[in-house]
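To keep things clear, I will list the structure first and then write my remarks on it.
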Amino acid sequence: EQSGDFDAWTWRLVGRYELSDEVALWGSYARGRRPEVISLSPGNLPGSTYSSNVLPAEQVDSFEIGMRGQGLFSNTIDLEGSVFYYDYTDFQTTEFDGLSIITVNAGEASAYGFESAVNWRPMDGLRVFGTYGYNHSRFDSGAREGNHFRLSPDHSASIGFNYEIPLGGAGDIFITPAYTWQSKIFF
């Protein structure tokens, strides 16, 4: 048996600047936190008891800057993009301990990359879209040093279109075929 009281502050600071009616820049800095965890580990011998320890809180400092342009080129194109950096301390993750899954402290980790999207409206009722993202998320120290984050591809992209067919008073039909792709992930 183990217990504890855990508290802390998290916060976020965001700024936005409009270059024009169509284009805005923004930035944010935030501190996030996953609270301390009481981790139970089974004993290694049959009939042995569980041991417990308190893992320190996971903390992440995140930085992001971006741009959004809406209604560009005679109101036919929307563009947006951002770059980001995340710095983790005491990253909490899970691993197998015999037949049990336990929470462990994986140490330091970081992630950086960018995301982008474009929407093009070549005619009424038709919108063509595309996205691309790069995400370099790795453990910086500890037992998993150099490994990828779980379920975090380095590259991801999508492309497609949305076509709207008006049916008058009966509503609308939307046709939206899309193709998405991502690079290999660690699972």
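The values are calculated or read from the model by the stated rules, or taken from the named source; none is laboratory data. On a predicted model such as this, the values are computed, not experimentally measured, just so you know. Here the Cβ positions follow ideal geometry from the backbone for every residue, glycine too, while neighbour counts run over all protein chains shown. Note: accessible area is taken over every heavy atom of the protein model, side chains too, but ligands, DNA and RNA are not part of it. Shrake-Rupley method; radii C 1.70, N 1.55, O 1.52, S 1.80 Å.
Test SER141 against the criterion of being within 29 Å of ARG33 (Cα to Cα) and buried (at least 16 other Cβ atoms within 10 Å of the Cβ), and give yes or no.
Working: within 29 Å of ARG33 (Cα to Cα): yes; buried (at least 16 other Cβ atoms within 10 Å of the Cβ): no.
Taking the combined requirement at face value, the residue does not satisfy it.
Give the range 152-185 a look and list any residue that's closer than 22 Å to THR131 by Cβ and either surrounded by fewer than 11 Cβ atoms within 10 Å (Cβ to Cβ) or among the hydrophobic types (A, V, I, L, M, F, W, C) (or both), or say none. It would help to see each step written out before you state the result.
Let us first name the residues in the range 152-185 that are closer than 22 Å to THR131 by Cβ, namely 152-164, 174-185.
Hits for the range 152-185 are ALA157, ILE159, PHE161, PHE174, ILE175, PRO177, ALA178, TYR179, THR180, TRP181, LYS184, ILE185.
Can SER110 be described as more than 24 Å from ILE159 (Cβ to Cβ) and touching a Pro at 6+ places or on another chain (Cβ under 6 Å)? Step through it out loud before you land on a result.
Values: more than 24 Å from ILE159 (Cβ to Cβ): yes; touching a Pro at 6+ places or on another chain (Cβ under 6 Å): no.
Answer is no for this residue.
Which condition number does ASN53 fail, the rest of (1) out of contact with any Gly (no Cβ under 9 Å at 6 or more places or on another chain); (2) open to solvent by less than 70 Å² (accessible area, probe 1.4 Å); (3) under 25 Å from SER141 (Cα atoms) being met?
(2)
Which condition number in (1) open to solvent by 90 Å² or more (accessible area, probe 1.4 Å); (2) within 23 Å of SER137 (Cβ to Cβ); (3) at pLDDT 80 or above is the one that ASP7 fails?
If we test ASP7 against (1) open to solvent by 90 Å² or more (accessible area, probe 1.4 Å); (2) within 23 Å of SER137 (Cβ to Cβ); (3) at pLDDT 80 or above, just (2) comes out false.
Take the range 163-187 and flag every residue that is over 25 Å from the mean Cα position of the chain (by Cα) and at negative phi.
TYR163, GLU164, ILE165, PRO166, LEU167, GLY169, ALA170, ASP172, ILE173, PHE174, ILE175
From HIS136, HIS148, HIS155, which residue is within 26 Å of TYR179 (Cα to Cα) and at pLDDT below 95? Break it down stepwise before answering.
Working: HIS136 fails: at pLDDT below 95; HIS155 fails: at pLDDT below 95.
Only one candidate qualifies: HIS148.
Would you pick out the residues in the range 109-137 that are surrounded by 16 or more Cβ atoms within 10 Å (Cβ to Cβ) and charged (D, E, K, R)?
Matches in the range 109-137: GLU115, ARG121, ARG127.
I'd like the residue in the range 67-126 that is free of Cβ contacts under 8 Å to residues at least 24 places away in the same chain and in a strand (DSSP E or B) and, out of all such residues, is nearest to the chain's Cα centre (by Cα).
THR94
Across the range 136-185, what is the number of residues that are of a type in the set (Phe, Trp, Tyr) and either touching a residue at least 40 places away in the same chain (Cβ under 8 Å) or more than 18 Å from PRO122 (Cβ to Cβ) (or both)? Write out each step before concluding.
Our first condition is that a residue be of a type in the set (Phe, Trp, Tyr); within the range 136-185, this holds for 139, 149, 161, 163, 174, 179, 181.
Within this subset, residues satisfying the condition of being either touching a residue at least 40 places away in the same chain (Cβ under 8 Å) or more than 18 Å from PRO122 (Cβ to Cβ) (or both) are 139, 149, 179, 181.
So the count comes out to 4.
Okay, residues lined up against (1) of a type in the set (A, V, I, L, M, F, W, C); (2) over 22 Å from VAL37 (Cα atoms):
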site	(1), (2)
ASP87	no, no
ASP90	no, no
ALA111	yes, yes
GLU115	no, yes
ASP124	no, yes
SER156	no, yes
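Listed residues VAL23, VAL37, VAL14; which is at pLDDT below 85 and either closer than 22 Å to SER82 by Cα or open to solvent by less than 80 Å² (accessible area, probe 1.4 Å) (or both)?
None of the other options fit; the residue is VAL37.
Do we have any residue at all in the range 94-102 that's closer than 30 Å to VAL54 by Cα, surrounded by fewer than 15 Cβ atoms within 10 Å (Cβ to Cβ) and among the acidic types (Asp, Glu)? Full working, then the answer.
Quick first cut of the range 94-102, residues closer than 30 Å to VAL54 by Cα only: 94-102.
Okay, now just the ones that are also surrounded by fewer than 15 Cβ atoms within 10 Å (Cβ to Cβ), so 94-101.
Retained after the next criterion (residues that are among the acidic types (Asp, Glu)): 95, 97.
Among the residues of the range 94-102, at least one is closer than 30 Å to VAL54 by Cα, surrounded by fewer than 15 Cβ atoms within 10 Å (Cβ to Cβ) and among the acidic types (Asp, Glu), which makes the answer yes.
Could you pull out the residue among ILE165, ILE175, ILE185 that is of a type in the set (Val, Ile, Thr) and in contact with a Pro (Cβ under 7 Å, 6 or more places away or on another chain)? Before you say what the answer is, go through the steps one by one.
Details: ILE165 fails: in contact with a Pro (Cβ under 7 Å, 6 or more places away or on another chain); ILE175 fails: in contact with a Pro (Cβ under 7 Å, 6 or more places away or on another chain).
Being of a type in the set (Val, Ile, Thr) and in contact with a Pro (Cβ under 7 Å, 6 or more places away or on another chain) holds for just one of ILE165, ILE175, ILE185, which is ILE185.
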